[in-house]
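Please read the structure below before turning to the comments.
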Amino acid sequence: MPNFVVAVFVLIIFYILARFVRVPSKKVVAKIIDEPAIISLMSTIFYLLTMGLGLVIGLNVLKLNQAVTSFLAGAGIIGLALGFAFQDITANFISGIIIAFRKPIKLGDVIETNGYSGFVRNIQLRATIIETFQGLHVIIPNRMIFQNPMTNYTMTDYRRVDLFIGISYAEDLERVKEITLEAIKDNPYLVEDDGKERDLTYEGFGNSSIDFRLMFWILYTPEEPNYLQARDHAIMAIKKAYNENDITIPFPIRTLDFGIKGGKKFVDQMNQVKQ
């Protein structure tokens with residue numbers, strides 16, 4: 001009987017202690033993360049751990065060591081079974097906790113992951129909600145965000161714009177390069193800091209054109225569509241400059257060979273059909 005009274009007294013003390021642990025644990029966790037759901041979860045975990053410790057001590061006071069061992073073993077088996085049964089949910093749950101602590105993304109960030117791009121509107125324990133640029137709200141499980149590649153455009157200060165263009169084989173390549181680089185110098189989004197100059201490199205001989213890549217840098221603001229606007233301004237400026245300097249951007253050329261064995265022109269084939 002004295003041991004039973006002591007065990008009850010221990011449980012009462014740990015119950016009171018567990019209730020007091022909740023408040024400071026919330027304050028400590030709140031200094032690390034800002035997600036209310038994670039803060040509530042961590043305080044609950046501290047509460048349950050404190051109560052579990054009190055239960056184990058109480059059973060030891062009653063000299064029920066075998067019961068303590070059975071209790072811990074049973075908890076481990078149940079946890080393992082639940083882990084296998086709900087492994088996807090558990091993976092999303094754990095990924096959500098890791099995301100909350102490591103903070104690779106936060107509310108308002110512009111990200112691209114799993115084929116979707118948009119603003120991060122909500123980070124939950126199980127999933128993250130993204131609002132696409134088309135206004136759609138997409139719910140992505142946290143496991144997919146944590147395990148797959150993700151681009152956080154909000155962390156990007158500068159971004160390079162690449163334009164792929166082809167010009168006629170008859171053009172003077174040096175002249176085309178000079179005119180093209182000159183055409184985009186007045187782009188309002190253009191940035192030319194150290195190592196971020198405009199550049200043009202010829203990349204190959206296409207079917208009907210000589211292909212090149214035009215590269216220039218902009219000060220990137222993901223909240224505004226300045227990347228698309230910079231491309232738009234550059235394309236219009238280059239087309240205007242090419243028109244003024246009689247530079248040809250050729251259409252794709254296709255040669256059609258008519259006849260079962262080939263070698264016949266379209267006119268000859270049509271004449272044969274008329275006959």
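The values are calculated or read from the model by the stated rules, or taken from the named source; none is laboratory data. Remember, predicted model here, so these are calculated numbers, not experimental data. Note that we place each Cβ from the backbone using ideal geometry, even for glycine, and neighbour counts take in every protein chain shown. What goes into the accessible areas is simple: the full protein's heavy atoms, side chains included, and nothing from ligands, DNA or RNA. Shrake-Rupley method; radii C 1.70, N 1.55, O 1.52, S 1.80 Å.
Please go through segment 132-207 and write out the chymotrypsin sites (Phe, Trp or Tyr not before Pro) that DSSP classes as loop and that have at most 14 other C-beta atoms within 10 Å.
Phe133, Tyr169
Please identify the trypsin sites (Lys or Arg not before Pro) of segment 146-187 that satisfy two criteria: DSSP loop assignment and at most 16 other Cβ atoms within 10 Å. Which are they?
On the way: sites: Arg159, Arg160, Arg175, Lys177, Lys185; in loops: Lys185.
In loop regions of segment 146-187 (DSSP not H, G, I, E or B), the sparsely surrounded trypsin sites (Lys or Arg not before Pro) are Lys185.
Given a Förster distance of 41 angstrom, what is the FRET efficiency for Val23 paired with Ile139, based on the Cβ-Cβ distance and rounded to 0.05? Show your work: numbers first, answer last.
Working: r = 33 Å, r/R0 = 0.80.
The calculated FRET efficiency here is 0.80.
Can you tell me the length gained on complete extension of the stretch Met150 to Thr44, counting 0.36 nm per residue apart and subtracting the Cα distance? Mind dumping the intermediate values first?
Numbers: separation 106, 0.36 × 106 = 38.16 nm, distance 3.11 nm.
Stretched out fully, the Met150 to Thr44 stretch lengthens by 35.1 nm.
With labels modelled as points extended 7 Å from the Cα through the Cβ direction, what inter-label distance (nm, one decimal) is found for Ser168 paired with Gln229?
Reported label-point gap for Ser168 and Gln229 is 3.6 nm.
With the full set of protein chains in place, find how many percent of the accessible area of segment 110-151 is carbon and sulfur; take the probe as 1.4 Å. The partial results should precede the final answer.
Working: 1160 of 2240 Å².
Carbon with sulfur: 52 percent of the solvent-accessible area.
Any idea of the accessible area per residue across segment 96-248, 1.4 Å probe, to the nearest Å²? Please list the in-between numbers first.
Working: 8710 Å² over 153 residues.
Heavy-atom SASA per residue in segment 96-248 reads 57 Å².
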